[in-house]
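The values are calculated or read from the model by the stated rules, or taken from the named source; none is laboratory data. The structure displayed is predicted, hence computed values, not measured ones. Here Cβ is always computed from backbone atoms with ideal geometry, including for glycine, and neighbour counts include all displayed protein chains. With ligands, DNA and RNA removed, areas are computed over all heavy atoms of the protein, side chains included. Shrake-Rupley method; radii C 1.70, N 1.55, O 1.52, S 1.80 Å.
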Amino acid sequence: MADRIRVGVVGAHAERGWGRHIHLPALKALDDFEVTAVAARSPESARAAAEVWGAGKAYDDAAALMADPDVDLVTVVVQLPSRDGLVESAIAAGKHVYSEWPLALDAATAERFESAARAAGVRHAVGLQSRHHPAVRLLRDLLGQGLIGEVLSASLLFSLATPEVWSQRYAALFDETKGVNHVAVVGGHSLDMFQYAVGDFTEVSATLTTRIDRITMEETGRQIEVTSPDQIVLGGVLESGAAASAHFMTGGPRGDGFRIEVHGRKGRLVLVSSDDSLVGPQFTLTHETANGRPAERLTVPDAYGPLLGTPSPVSNVAQVYKDLGQAIRTGGDFAPDFGTAARTHRLLDAIKSSAKTGSRVRLT
């Protein structure tokens, strides 16, 4: 491998998208990486993206990028419904892989990707980067240190404002078969962050329902039927034995964002976001003891400082790249990887199964 890890980006765009606005600045901020190639849908869009991304090579064929010997790591920023075969092809080409979330349509497919990557000896990352927010990491550590004693229960509430008029490129969000709906995207990002802090669910029961059943396409004014749930409610038990619940509310003109509350024998910790951004809010963490004193706002120690100086999605993604780079060079442990993705997909599959059958589902 070259001195710097050479990245090929599949789905690069010159003007828009998560890759353009988050992955690109994250990679540019890291000395250990360089973007050497990009792939897009046409020669013209590939050349335009290569200029913006600073890549020397532009492809309109993802397979050609993956075959390029000057690419060590393939980053796949293509949305899931259009991603057929890309992750498997990168693994088969012997490339390390960073795939955006969701990794797959279901846990079985995610597990297959993980097994294939391990068999090929390539390292793998998934875009569940919100766990790297400093306040989230501090919450996890304080719980591990026993600040509030034995955890009795934990709850996650996330309310997100969503319009009823959308651009056509977001139509897949409202189709339950496409894998990028609220259960997968809102639920996946939020529940990974929640489980990272409080521990994994071992059993769950859930209710899913759709309250906004039609939305309008901005470009045409045409209304389409919504088949994906916009209200997600679940309860269950964590691996520690603590009771836990989560409620995701989407729709309406205003959302308050995240509230994670953890009750223990000696007090409670509450993490609240500044707004309803799914992956980029600022957080405030407070601690309340059992003696009745007012809650104390906790200062995040310098040791938890974000990689790029300010908490942001770019900094969180940069941390994933940095940790992935270290794992590539040393062979050490790393997360969030495809194993993380498979575990989150198993929980999402359990939520959907429970809601469909009306039964409690145990996770193994």
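Descriptive notes on the structure:
- Computed with the Debye formula from one identical point scatterer per Cα of region 213-364, without solvent, the log10 of I(q)/I(0) at q = 0.10, 0.13, 0.18 Å⁻¹ comes to -0.58, -0.98, -1.41.
- Our coupling estimate for region 112-117, obtained by passing each phi through the Karplus curve with A = 6.51, B = -1.76, C = 1.60 and θ = phi - 60°, is 5, 4, 4, 5, 5, 5 Hz, Gly and Pro reported as x.
- Label sites at Thr202 and Val165, each approximated as a point 7 angstrom past Cα along Cα to Cβ, lie 5.1 nm apart.
- Candidate aspartates and glutamates - alpha carbon under 19 Å from Lys28, same-chain residues fewer than 8 apart omitted: Asp3, Glu15, Glu51, Asp70, Asp72, Glu100, Asp323
- Counting only protein heavy atoms and using a 1.4 Å probe, the accessible area of Ser274 comes to about 80 Å².
- Charging the Cβ of each Asp and Glu at -1 and of each Lys and Arg at +1, and nothing else, the dipole of region 5-153 about its Cα centre rounds to 200 debye.
- For Lys322, Lys95, Lys57, the ranking by accessible surface with the largest value first comes to Lys322, Lys57, Lys95, using a 1.4 Å probe.
- Cross-link pairs Lys95/Lys322; Lys322/Lys352; Lys95/Lys178; Lys57/Lys95 - those with Cα-Cα distance over 24 Å: Lys322/Lys352; Lys95/Lys178
- Against the main long axis of the alpha-carbon atoms of the chain, helix 338-357 sits at an angle near 60°.
- A Cβ-based charge dipole, computed about the Cα centre of the chain with Lys and Arg at +1 and Asp and Glu at -1, lands at about 600 debye.
- Cα-based shape type of region 75-227, given that a ≥ b ≥ c are square roots of the gyration tensor eigenvalues and the cut on a/c is 1.5: oblate
- Length released on extending from Ser42 to Arg362, taking residue separation times 0.36 nm less the Cα-Cα span: 110.6 nm
- Anisotropy class assigned to region 15-75 is oblate, per the alpha carbon gyration tensor with a/c at or over the 1.5 cut-off and a/b no larger than b/c.
- For the chain, the solvent-accessible area with a 1.4 angstrom probe is 44 square angstrom per residue.
- By accessible area with a 1.4 Å probe, ligands and nucleic acids excluded, highest first: order of Leu308, Leu238: Leu308, Leu238
- Among the GluC sites (Glu not before Pro) within region 44-150, those in coil by DSSP and having at most 16 neighbouring Cβ atoms inside 10 Å are Glu150.
- Using a probe of 1.4 Å, the accessible surface attributed to Leu278 totals some 30 Å² when neighbouring protein chains are kept in position.
- Compactness of the chain was expressed as the Cα radius of gyration divided by 2.2 N^0.38 Å, which yields 1.00.
- Principal-axis analysis of the Cα atoms of the chain puts helix 188-198 at an angle of about 50° to the longest axis.
- At most 11 other Cβ within 10 Å, DSSP loop - trypsin sites (Lys or Arg not before Pro), region 106-146: none
- Computed label-point distance, nm, for sites Arg222 and Asn291 using a 7 Å Cα→Cβ extension: 6.6
- Note on the chain: antiparallel DSSP beta bridges, both residues inside, total approximately 60 percent of the bridges counted.
- Global form of region 74-113, assessed from the alpha-carbon gyration tensor, a/c cut-off 1.5: oblate
- Per DSSP, loop GluC sites (Glu not before Pro) in region 170-234 with at most 13 further Cβ within 10 Å: Glu219
- Dipole orientation for region 33-96: of the candidates Ser89, Val76, Val38, Val76 has the Cα lying most toward the positive pole (charges on Cβ; Lys, Arg +1; Asp, Glu -1).
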